Amino acid sequence: MGIIIKYFFYFLIFGLIDNISAQTINDKKIDKGFTEYSNGNYSVASSIFYLIANKKNEKELSQVATIMLAKTQTALGNNNESIVILTKYLKNNSKYLEDAYLILAINFYHLNKFTESISWLESVIKIAAEEKNISMANLLLENVICENISFTEVEILKDKYSKKNFLDYLNFYEAKKYYLIGDKKRALELFEEIIDDSENKNLIIKSKEIIYSIENIATIKFGVFLPLFLKGDSLGRGKKIATEILEGIELANKHFNQNAKIKIELVIRDTERKPVKVAGELQKLVDDKNVFGILGPIFSDETIILGSLANTRGIPLISPTATDTGIASKNKFVFQLNPDLLTRGKIIAQYAIQKLKLSTFAILAPSTSQQNIIANGFSNEIQNLGGRIVADVRYPKSSTDLRYFINTIRKSGNVLQSDYKINLNAKLKPNEIENKLKLVGVTSENISKVLNKTNQLPLSKIFGKNTKNISDSLKIPLLKISNSLDSLEYPINSIDAIFLPITNSKEIAVVTSQLKLYNIETILLGTQEWNAPEILEENSNNISTLYFIQDRLKDDSDVETKFYKKYFDELKHYPTENNLIGYNSMNFINGIIESGALSREEFKIKLDNSADYKGVGLNINLNQNRINSSMKILKFSNGVLTKLGSIELQEN
């Protein structure tokens with residue numbers, strides 16, 4: 001249930017691609033390598049970059065490919081191989097040096113060779129022109145000094161590096177290290193020395209901010225904005241959700257404060273679902289430097305308004321539940337711990353293409369604003385990854401008669417489906433064909449139809465997309481024919497999967513029964529509205545295989561079982577889903593503060609680079625747009641519901 005700050009791997013995945021995209025490099029093969037790399041297919045990307053790196057007559061492409069080849073090796077955990085590639089590269093090239101130095105620092109870090117890692121970080125800081133590389137070098141340097149080496153080793157490093165600029169960095173992070181172990185006196189001395197002696201304006205500003213925090217902040221404050229309706233008699237859904245979320249927040253904060261060196265005080269404000277009304281309260285928190293950020297609101301409409309204000313005034317705002325697309329991506333101080341609608345569609349699309357290896361899809365979705373965004377995200381991602389959407393059908397909200405819409409999908413599948421009939425003019429005799437077909441269970445009635453010369457039934461109406469393979473194995477001669485015959489008697493199985501982002505679980509029976517009626521044999525893909533075990537069981541005869549995503553899911557591990565017991569012991573009831581949302585959200589924040597965030601500005605930096613929070617029933621992995629990109633995936637097949645684990649959205 002802890003949090004890992006992904007300072008250095010964040011660069012690995014995104015940094016150099018952003019830098020190179022600004023260059024005038026236009027090559028389809030290297031673009032393919034970038035795509036595979038961004039999708040997490042590192043082995044495939046590595047083979048592409050390897051081939052391009054060895055093109056001696058295209059130096060620019062070769063340089064880029066070599067750097068990317070080293071990155072793929074690092075991503076694959078082959079740190080020594082990456083070091084060899086870069087060492088050779090640096091002997092003959094003078095371009096992309098800061099990128100090469102930073103990747104080397106990362107490699108040595110993962111090999112626990114921290115002195116070597118720091119040596120390369122010094123090289124990065126000396127020459128870096130890219131702000132992203134400077135930032136990542138600082139974050140990695142902080143991680144090494146504060147968490148991985150001793151004070152004695154720091155002093156040895158300070159003796160080694162005589163150049164004033166890098167020595168200031170070592171002094172700064174040594175000061176933070178003293179602060180983190182509770183030696184405020186020594187930390188203050190070192191920060192004062194930086195202010196007096198350093199010429200690095202950025203370190204001087206940071207040192208002054210931390211001194212202020214040490215001298216003035218005995219308790220960090222964190223705002224909590226929820227629609228609690230404390231002054232009214234509202235018993236609506238919003239109040240219940242907010243009250244349960246607050247209970248989880250307060251319990252997580254209580255647990256943190258029991259052992260924390262600096263306590264966190266919650267500043268709770270009731271939005272009453274009137275965000276404009278509490279704008280003044282937000283400004284008061286902005287004016288208080290002890291307030292590091294705001295947790296909430298929970299509804300998208302409130303988050304849009306307060307998030308815009310928070311962004312303008314420079315205070316981090318973290319919504320635990322808002323799902324509208326664009327809230328965080330358009331506001332750099334806003335974070336969404338719940339995957340937004342577009343992300344949900346993209347996640348299931350990537351899973352279908354990359355994990356299930358499917359390629360041909362249809363969409364059947366209610367035409368509501370939310371479902372349209374999810375479906376559009378799915379459609380765009382499928383096509384970005386090289387898949388094909390053969391039918392995209394939207395139906396009016398609350399419709400129960402979907403026959404026209406599903407028949408549209410069937411027609412698309414029928415056009416796609418290749419038809420074969422038996423070549424009756426070949427050497428194989430009808431009785432020989434009959435015997436072969438009986439071996440694989442074809443009925444006498446259907447055998448008569450496929451051997452009928454005057455009105456011959458295509459064999460593919462019986463065997464579907466496996467017709468060619470089955471016929472070849474039986475050595476039955478075929479003729480490919482134009483596909484004009486369609487009857488509900490014969491299945492459509494040319495569509496690999498249909499995406500069904502329904503609005504609620506009541507639609508499961510409506511959709512699946514009519515798909516069964518129209519004899520469309522395919523995998524179903526869905527959103528979390530499909531997580532209704534009893535309804536799935538009732539409709540299991542209509543569902544062959546279903547995969548769907550879920551943002552939160554109890555995993556029944558020993559850790560979670562103990563947590564549920566502890567929760568019950570303290571509060572005399574087991575946690576609700578909303579309790580867990582509150583607990584996980586606050587615990588996520590606690591982890592960032594505990595990692596050494598000593599000011600609002602540092603909290604924002606660490607929040608920007610946070611990932612891999614493993615909570616109770618959910619993971620939090622913020623992407624470049626500050627949106628959680630982690631969800632759970634489940635499978636329902638043969639009447640059995642199976643939890644398959646977590647899936648992450650890979651950035652394109």
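With one equal scatterer per alpha carbon and no solvent term, the Debye-computed log10 I(q)/I(0) for the chain at 0.05, 0.08, 0.11 1/Å reads -0.31, -0.73, -1.18. Over 29 Å apart: what share of the alpha carbon pairs of the stretch 397-547 falls there, rounded to a whole percent? When every Cα pair of the stretch 397-547 is considered, 30 percent fall beyond 29 Å. Positive end of the charge dipole of the chain (Lys, Arg +1 and Asp, Glu -1 on Cβ, about the Cα centre): tell me which of 408, 69, 431 has its Cα farthest that way. Positive-most Cα among the choices belongs to 431.
Here the accessible area is traced with a 1.4 Å probe on the protein chains. For the stretch 52-166, carbon and sulfur cover 49 percent of it. Between the Cα long axis of helix 341-350 and the first principal axis of the chain there is an angle of about 60°, rounded to the nearest 10.
Just add up the charged neighbours of residue 361: K/R +1, D/E -1, any other residue whose Cβ is under 11 Å from the Cβ of residue 361. My count for the surroundings of residue 361 gives -2.
For the chain, the Cβ-based charge dipole about the Cα centre amounts to some 2020 debye (Lys, Arg positive; Asp, Glu negative; other atoms uncharged). The length gained on full extension between residue 415 and residue 559, counted as 0.36 nm times the residue separation minus their Cα-Cα distance, comes to 46.7 nm.
Counting charges near residue 646 (Lys, Arg +1; Asp, Glu -1) among other residues having Cβ under 15 Å from its Cβ returns a value of +2.
A cut-off under 10 angstrom between Cβ atoms defines the neighbours of residue 428, and their net charge, with Lys, Arg +1 and Asp, Glu -1, is +3. The calculated Kirkwood hydrodynamic radius for the stretch 105-242 is 17.3 Å, given to one decimal from all distinct C-alpha pairs. Here the stretch 463-595 is treated with +1 on each Lys and Arg Cβ and -1 on each Asp and Glu Cβ, and its dipole about the Cα centre works out to around 400 debye. The residues of the stretch 26-180 expose on average 44 square angstrom of accessible surface per residue, using a 1.4 Å probe on protein heavy atoms.
The listed peptides 442-453, 283-294, ordered by packing as a protection proxy, come out as 283-294, 442-453 (highest mean of other Cβ atoms within 10 Å first). Between the stretch 437-467 and the stretch 149-207, the C-alpha centres lie 81 angstrom from each other.
With 31 Å as the limit on Cα-Cα distance, the pairs of 346/411; 113/604; 177/221; 357/461; 95/357; 113/254 that go past it are 95/357; 113/254. Relative contact order of the chain, taken over Cα pairs closer than 8 Å and 6 or more residues apart, is 14 percent.
For a test of the definition: using alpha carbon positions, the gyration tensor, and the 1.5 limit on a/c, classify the stretch 529-619 as rounded, prolate or oblate. Oblate.
Where only DSSP H runs of four or more residues are counted, the chain gives -16500 deg cm²/dmol as its mean residue ellipticity at 222 nm, each run worth -39500 (n - 2.57).
Charged side chains reduced to their Cβ positions (Lys and Arg at +1, Asp and Glu at -1) give the stretch 108-181 a dipole of some 120 debye around its Cα centre. Relative to the longest principal axis of the Cα atoms of the chain, the long axis of helix 507-517 makes an angle of roughly 30 degrees. The angle separating the long axis of helix 369-384 from the principal Cα axis of greatest extent in the chain is about 80 degrees. DSSP finds beta bridges in the chain, and of those with both partners inside it, around 40 percent are antiparallel. Rg/Rh for the stretch 256-367 stands at 1.12; both radii use Cα atoms, and Rh follows the Kirkwood definition.
The values are calculated or read from the model by the stated rules, or taken from the named source; none is laboratory data. Bear in mind the structure is a predicted one, so any value in this text is a computation, not a measurement. Heads up, the Cβs are rebuilt from the backbone with ideal geometry, glycines too, and the neighbour counts pull from every protein chain shown. Heads up: the accessible areas ignore ligands, DNA and RNA and are worked out on the full protein's heavy atoms, side chains in. Shrake-Rupley method; radii C 1.70, N 1.55, O 1.52, S 1.80 Å.
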